[in-house]
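Student: My questions all concern the structure below.
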Amino acid sequence: EMIHMATLVHDDVLDDASIRRGGQTINALHGNEMAVMLGDYLISNAFHLCSQIGDPGINTRLGCVTNTLCEGELIQLKHRNNHELDEVVYNTIVKKKTASLIGASCRMGAELSGADQDAVLSLERFGVSVGVAFQITDDVLDLVGVQEVVGKSVGKDLDKGKLTLPTIISLAQSDASQRRVLLDLVDSCDLAGLKAILVKDGSINKAMERAASLVEEAKSELVGLGPSLSRDLLATLADGVLDRQF
Ligand code: FPP
Ligand code: MG
């Protein structure tokens, strides 16, 4: 959770976001310098805390995950304002910047509670699939959500030149003139105009269908674990990714 918080504090600096979880972001309250340092402090604290568990394997795995999170953000930065961004690169970004931490958290929870290797790997795959689904719905909410309900700044992906799945799907199914209209809306950061097209041409629905199929994939990983309250809760958590409004 501390690593996750650190990444969000830094992410809000990168995205120039002013609202997070219904309140003002650290950068909005105290400026970018303070937010960068607080993010650093959180990440440093997370590793300090982990180093006291007495299992260096945890630090190694988490270090690998934080490398991956940064790679995801760097690839995303490199593709800002890239109109050719396709689903393959989008998936790579999302897997690295979001799903890797959720997958590793599920994996480490299983490992630390003594689960067998099959269960450990199933839970890691569960976390990765849920993580990609979560980021897809996050990107949908950034386009169609209402800031007061979502509890964080919306329209930031467009502001920062980040193409996300609904727009990528819409561009892929467009002819040259529709493509021009879409890209003009993207370049002028016209959120209302873009949203209207993405809803009308079914791209928002198609992105949500993609998320729904990932949630089904995730839940299929739970079948071999045997019945338990924890398994039911994980399935409920996966379904919650599709219903979420914030
Ligand atoms: C949210 O994306 C951002 C992430 C899931 C990862 C952010 C990672 C970094 C900034 C790298 C820093 C790494 C460390 C180790 C401190 P988003 O902007 O799509 O989501 P949002 O809508 O919640 O802002
Ligand atoms: Mg952000």
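Student: Quick one: count up the residues across segment 49-64 that are in a loop (DSSP other than H, G, I, E, B) and either touching a strand residue (DSSP E or B) at 6+ places or on another chain (Cβ under 8 Å) or crowded, with 18+ Cβ neighbours inside 10 Å (or both).
Tutor: Looking only at that region, the number is 0.
Student: I need a count of the residues in segment 134-156 that are under 12 Å from the mean Cα position of the chain (by Cα) and within 11 Å of ligand 2 (Cβ to nearest atom).
Tutor: Quick first cut of segment 134-156, residues under 12 Å from the mean Cα position of the chain (by Cα) only: 134-142.
Narrowing the set further to residues that are within 11 Å of ligand 2 (Cβ to nearest atom) leaves 135, 138-139, 142.
Of the residues in that region, 4 qualify.
Student: Identify the single condition in (1) more than 19 Å from the chain's Cα centre (by Cα); (2) crowded, with 18+ Cβ neighbours inside 10 Å; (3) within 16 Å of ligand 2 (Cβ to nearest atom) that Ala46 does not satisfy, given that it satisfies every other one.
Tutor: (3)
Student: Kindly indicate whether Lys78 is charged (D, E, K, R), closer than 19 Å to His10 by Cβ and surrounded by 21 or more Cβ atoms within 10 Å (Cβ to Cβ).
Tutor: Working: charged (D, E, K, R): yes; closer than 19 Å to His10 by Cβ: yes; surrounded by 21 or more Cβ atoms within 10 Å (Cβ to Cβ): no.
No; evaluated as a whole, the condition is false for this residue.
Student: Still on this structure, please answer the following. Can you name the residue in segment 9-28 that is open to solvent by 20 Å² or more (accessible area, probe 1.4 Å) and among the hydrophobic types (A, V, I, L, M, F, W, C) and is also nearest to ligand 2 (Cβ to nearest atom) among such residues?
Tutor: Leu14
Student: Being farther than 30 Å from Thr167 by Cα, within 13 Å of ligand 1 (Cβ to nearest atom) and either basic (Lys, Arg) or touching a residue at least 24 places away in the same chain (Cβ under 8 Å) (or both) is true for just one of Leu42, Leu77. Which residue is that?
Tutor: From the options Leu42, Leu77, the qualifying one is Leu42.
Student: Test Thr66 against the criterion of being in contact with a Phe, Trp or Tyr (Cβ under 9 Å, 6 or more places away or on another chain), more than 15 Å from ligand 2 (Cβ to nearest atom) and among the polar types (S, T, N, Q), and give yes or no.
Tutor: Judged against the criteria, Thr66 is a match.
Student: With respect to the numbered conditions (1) surrounded by 15 or more Cβ atoms within 10 Å (Cβ to Cβ); (2) part of a helix (DSSP H, G or I); (3) small (Gly, Ala, Ser), which one is the sole condition not fulfilled by Ser153?
Tutor: For Ser153, the exception is condition (2).
Condition check ((1) in contact (Cβ under 8 Å) with a residue 60 or more places away in the chain; (2) within 13 Å of ligand 1 (Cβ to nearest atom)) across all residues:
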{"residue": "Val13", "(1), (2)": "no, yes"}
{"residue": "Ala46", "(1), (2)": "no, yes"}
{"residue": "Gly57", "(1), (2)": "no, no"}
{"residue": "Leu85", "(1), (2)": "yes, no"}
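Student: Can you report the number of residues in segment 169-200 which are open to solvent by 50 Å² or more (accessible area, probe 1.4 Å) and in a loop (DSSP other than H, G, I, E, B)?
Tutor: Counting residues in segment 169-200 that are open to solvent by 50 Å² or more (accessible area, probe 1.4 Å) and in a loop (DSSP other than H, G, I, E, B) gives 5.
Student: Considering only residues that are in contact (Cβ under 8 Å) with a residue 12 or more places away in the chain and within 25 Å of Arg61 (Cα to Cα), look in segment 29-39 and name the one that is nearest to ligand 2 (Cβ to nearest atom). Give the steps one after another, and end with the answer.
Tutor: We begin by selecting, within segment 29-39, every residue in contact (Cβ under 8 Å) with a residue 12 or more places away in the chain; these are 32, 35-36, 38-39.
Restricting the remaining residues to those that are within 25 Å of Arg61 (Cα to Cα) gives 36, 38-39.
On the way: Val36: 15, Leu38: 16, Gly39: 13 Å.
Selected residue: Gly39.
Student: Please verify whether segment 201-215 includes one or more residues that are open to solvent by 80 Å² or more (accessible area, probe 1.4 Å), closer than 30 Å to Ala110 by Cα and at pLDDT 95 or above.
Tutor: yes
The values are calculated or read from the model by the stated rules, or taken from the named source; none is laboratory data. Just so it is clear, the model here is predicted, and its values are computed rather than measured. With ideal geometry, Cβ positions are generated from the backbone for all residues, glycine too; neighbour counts draw on all protein chains shown. Each accessible area value is taken on the protein alone, full model and side chains, heavy atoms only, with ligands, DNA and RNA left out. Shrake-Rupley method; radii C 1.70, N 1.55, O 1.52, S 1.80 Å.
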